[in-house]
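This report refers to the structure that appears directly beneath it.
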Amino acid sequence: GRWIDKQRRQYQEKRLSEQRMELLSDLGFAFDVHDAKWWEFHAKLEEYLQENGDTLVPADYPKDPPLGNWVSRQRRLYGANDLQEDRIKALEDINFSWNVLNDNWDRYYSQLCEFYEENGHCRVPTSDRFLWDWVNRQRRQLRQLGKPTLEDGKNTIEMIDALNKMDFDWTEQE
């Protein structure tokens, strides 16, 4: 531990020789622990992307709760203009979703389009729990607010038009 800390300290103070830096680098030595940890999480996110097809890791992701927290933190840092450019680029290179709510709306809308194509209507059964919840949320928002105003920044008129093209039934289903 102490020797490793000394190497890192010397590196940060720019007192580590080129030869030693090269030798340590060849061993995969992490000069910056925080940076190494960030890239470790980025690799986990890439795995999640391969398994799930998106980067919409839930904050309470049961398989790896720290990954969900890390992903949420990247979005917060980005929104605060406090995320390093190289990290932004690395995330954008894997099509990272900066606006979860917009992307979720688009994903569920696509699922509803598929359902509509297969069934000719938008009355999703309760057995398709997630899509059923999303469809009912659209209906509730229209009833409560006079129009669906999603907190995701989607253009409300475009949303209504998109749903109406499928003869969307705006009456809430039980």
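The values are calculated or read from the model by the stated rules, or taken from the named source; none is laboratory data. Since this is a predicted model, take the numbers as computed values, not measurements. Cβ coordinates were reconstructed from backbone atoms using ideal geometry, including for glycine residues, and neighbour counts include every protein chain displayed. SASA here: full protein model, heavy atoms, side chains in, ligands and nucleic acids out. Shrake-Rupley method; radii C 1.70, N 1.55, O 1.52, S 1.80 Å.
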query: Which one of these does GLY153 not meet: (1) part of a helix (DSSP H, G or I); (2) exposed (fewer than 14 other Cβ atoms within 10 Å of the Cβ); (3) at pLDDT below 90?
result: (1)
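Out of the residues in region 123-140 that are out of contact with any helix residue (DSSP H, G or I) (no Cβ under 8 Å at 6 or more places or on another chain) and in contact (Cβ under 8 Å) with a residue 12 or more places away in the chain, which is most open to solvent (accessible area, probe 1.4 Å)?
So the first thing to find is which residues in region 123-140 are out of contact with any helix residue (DSSP H, G or I) (no Cβ under 8 Å at 6 or more places or on another chain), and the list is 123, 127, 129, 132-133, 136-137, 139-140.
Now drop any that are not in contact (Cβ under 8 Å) with a residue 12 or more places away in the chain, which leaves 123, 132, 136, 139-140.
On the way: ARG123: 122, TRP132: 35, ASN136: 3, ARG139: 4, ARG140: 79 Å².
Per the criteria, the residue is ARG123.
Conditions (1) of a type in the set (Ser, Thr, Tyr); (2) touching a helix residue (DSSP H, G or I) at 6+ places or on another chain (Cβ under 9 Å), marked per residue:
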position: TYR61; (1), (2): yes, yes
position: ARG75; (1), (2): no, yes
position: PHE96; (1), (2): no, yes
position: ASP106; (1), (2): no, no
- prompt: What are the residues in region 41-63 that are under 18 Å from ILE88 (Cβ atoms) and loosely packed, with under 13 Cβ neighbours inside 10 Å, if any?
  reply: ALA43
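Here's the yes/no breakdown for (1) aliphatic (A, V, I, L, M); (2) not in a helix (DSSP H, G or I):
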residue	(1), (2)
ASP86	no, no
LEU91	yes, no
ASN95	no, yes
TRP98	no, yes
LEU112	yes, no
GLU118	no, no
HIS121	no, yes
SER127	no, yes
Leading residue by the ranking (nearest to TRP170 (Cα to Cα)) among those in region 99-122 that are modelled with pLDDT of 90 or more and surrounded by fewer than 16 Cβ atoms within 10 Å (Cβ to Cβ): HIS121
message: Out of everything in region 1-38 that is open to solvent by 100 Å² or more (accessible area, probe 1.4 Å) and among the acidic types (Asp, Glu), what residue ends up being farthest from ARG87 (Cα to Cα)?
response: GLU18
field: Any chance ARG129 is modelled with pLDDT under 85 and either of a type in the set (A, V, I, L, M) or more than 24 Å from GLN50 (Cβ to Cβ) (or both)
entry: no
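What residue, of ASN81, ASN95, is open to solvent by 40 Å² or more (accessible area, probe 1.4 Å), in contact (Cβ under 8 Å) with a residue 40 or more places away in the chain, of a type outside the set (Phe, Trp, Tyr) and more than 24 Å from ASN164 (Cβ to Cβ)?
Values: ASN81 fails: in contact (Cβ under 8 Å) with a residue 40 or more places away in the chain.
Sole residue among the options that is open to solvent by 40 Å² or more (accessible area, probe 1.4 Å), in contact (Cβ under 8 Å) with a residue 40 or more places away in the chain, of a type outside the set (Phe, Trp, Tyr) and more than 24 Å from ASN164 (Cβ to Cβ): ASN95.
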